[in-house]
Amino acid sequence: YEASTEEPGGKLTSGEFYARLTQRLISALSAPTEEGALYEIDTKLRPSGSKGPVAVRLSSFERYYAEEAWTWELQALTRLRAVAGDDALAARVTAIAHDTLARPRDPEKVRADVANMRGLMERERAGRSVWDLKLAPGGFVDIEFIAQALQLIYASAHREVLVANTGEALDRLKEAGVLAADAHGDLTEAWRLWSDLQQILRICGSGEFVIDVAPRLMNLVGVSDLDALEATVRVMQAAVRERFVQIVGVLGDGSRPLGR
């Protein structure tokens, strides 16, 4: 159909209308303010990549993930959740995503693809320091990738493991019997600590570690000096990376081509 919005040259098609609407939404959400940008909007994970349309028909969305999506795109799909809009549409999109994620997959291919993607990230977007809680080896990304790999492998038999929140996903994977209790304990403890530390870093500064924030971090961890704080973080990061290698596999060097 054609959208009702009038343009000097005539009416917009539905695709043009929703593409412009989406661009305006992105601009509004990422608008600069006196306190900085509202939100960081990353649209590169959309189907067809950065050169693809910013708005697609629901049928195109479903077909893309059923026929063309690469493993890393399915990893991103595990994090999908509706935040606003029509409830019925949100339910349809969620159902499509979960149907896609619950298809049977080759476990070894999933593990190899996830390990390769993590290696690519480490080569091209390496953590800046031990305090880069997202990208440092053993940080958030390692934990998220473990959860996502297990979701892609086991969702066909345990659809209940499909949930966007990483902490809840780890709990459900343990309950389904596909994540060992000791591994669940290590990963959950680290995920909670990284979350708490990150909140303090963001509230007390720009998210970067500065020495003035150290006392708050030491109090949270329960240590009395900076060396002990850093040692605790490093030990836990090493434990998470060990779990990654154990569950997913050895990181690739990022040179293997990505594949579907």
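The values are calculated or read from the model by the stated rules, or taken from the named source; none is laboratory data. Just so you know, these numbers come straight off a predicted model, no measurement behind them. Note that we place each Cβ from the backbone using ideal geometry, even for glycine, and neighbour counts take in every protein chain shown. These accessible areas exclude ligands, DNA and RNA; they are computed on the full protein's heavy atoms, side chains included. Shrake-Rupley method; radii C 1.70, N 1.55, O 1.52, S 1.80 Å.
Given the residues E189, E144, E230, which is the only one that is surrounded by fewer than 14 Cβ atoms within 10 Å (Cβ to Cβ) and either in contact with an Asp or Glu (Cβ under 6 Å, 6 or more places away or on another chain) or in a helix (DSSP H, G or I) (or both)? None of the other options fit; the residue is E189.
Taken together, the residues in the stretch 70-92 that are closer than 23 Å to L150 by Cβ and open to solvent by less than 50 Å² (accessible area, probe 1.4 Å) amount to 7. Taking the conditions exactly as written (β-branched (V, I, T) and in contact with a Lys or Arg (Cβ under 6 Å, 6 or more places away or on another chain)), does V233 satisfy them or not? Against the criterion (β-branched (V, I, T) and in contact with a Lys or Arg (Cβ under 6 Å, 6 or more places away or on another chain)), V233 does not qualify.
Screening R125 with (1) within 28 Å of M218 (Cα to Cα); (2) at pLDDT 95 or above; (3) among the basic types (K, R) gives one miss only, at (2). Which of the numbered conditions does K174 fail, given that it passes all the others? Conditions: (1) open to solvent by 30 Å² or more (accessible area, probe 1.4 Å); (2) in contact (Cβ under 8 Å) with a residue 40 or more places away in the chain. Against the list (1) open to solvent by 30 Å² or more (accessible area, probe 1.4 Å); (2) in contact (Cβ under 8 Å) with a residue 40 or more places away in the chain, K174 comes up short only on (2). Filtered by the rule that a residue be without any contact (Cβ under 8 Å) to a residue 24 or more places away in the chain and more than 23 Å from P107 (Cα to Cα), the stretch 135-171 gives a lone residue, L135. For G138, indicate whether it is closer than 23 Å to A76 by Cα and assigned to a helix (DSSP H, G or I). When the stated conditions are applied, G138 does not pass them. Candidates are the residues of the stretch 161-171 that are open to solvent by less than 30 Å² (accessible area, probe 1.4 Å) and assigned to a helix (DSSP H, G or I); the one that is farthest from G207 (Cα to Cα) is V161.
Consider D106 carefully, then state whether it is farther than 27 Å from L193 by Cβ, modelled with pLDDT of 95 or more and open to solvent by 10 Å² or more (accessible area, probe 1.4 Å). Yes.
Beta carbons closer than 6 Å, at least 6 apart along the sequence or on distinct chains, pair a first residue in the stretch 179-207 that is over 19 Å from N165 (Cα atoms) with a second that is open to solvent by 20 Å² or more (accessible area, probe 1.4 Å) and small (G, A, S) for L201/G207. Inspect the stretch 125-134 for any residue being open to solvent by 20 Å² or more (accessible area, probe 1.4 Å), under 29 Å from S195 (Cα atoms), outside any loop (DSSP other than H, G, I, E, B) and free of Cβ contacts under 8 Å to residues at least 40 places away in the same chain and give the result as yes or no. No, there is no match, as no residue in the stretch 125-134 is open to solvent by 20 Å² or more (accessible area, probe 1.4 Å), under 29 Å from S195 (Cα atoms), outside any loop (DSSP other than H, G, I, E, B) and free of Cβ contacts under 8 Å to residues at least 40 places away in the same chain. Residue under question is G167, and the condition is that it be in contact with a helix residue (DSSP H, G or I) (Cβ under 7 Å, 6 or more places away or on another chain) and within 24 Å of M117 (Cβ to Cβ); does it hold? Here the answer is yes, as G167 does meet what is asked.
The set of residues from the stretch 233-254 being open to solvent by 50 Å² or more (accessible area, probe 1.4 Å) and under 30 Å from K174 (Cβ atoms) comprises R234, V235, A238, E242, V245, Q246, V250.
Hey, does the stretch 48-56 have a residue that's modelled with pLDDT of 90 or more, in a helix (DSSP H, G or I) and either of a type in the set (F, W, Y) or out of contact with any helix residue (DSSP H, G or I) (no Cβ under 9 Å at 6 or more places or on another chain) (or both)?
Scanning the stretch 48-56 turns up no residue that is modelled with pLDDT of 90 or more, in a helix (DSSP H, G or I) and either of a type in the set (F, W, Y) or out of contact with any helix residue (DSSP H, G or I) (no Cβ under 9 Å at 6 or more places or on another chain) (or both).
Scanning the stretch 60-98 for residues that are outside any helix (DSSP H, G or I) and under 23 Å from E160 (Cβ atoms) yields A69, T78, R79, L80, R81, A82, V83.
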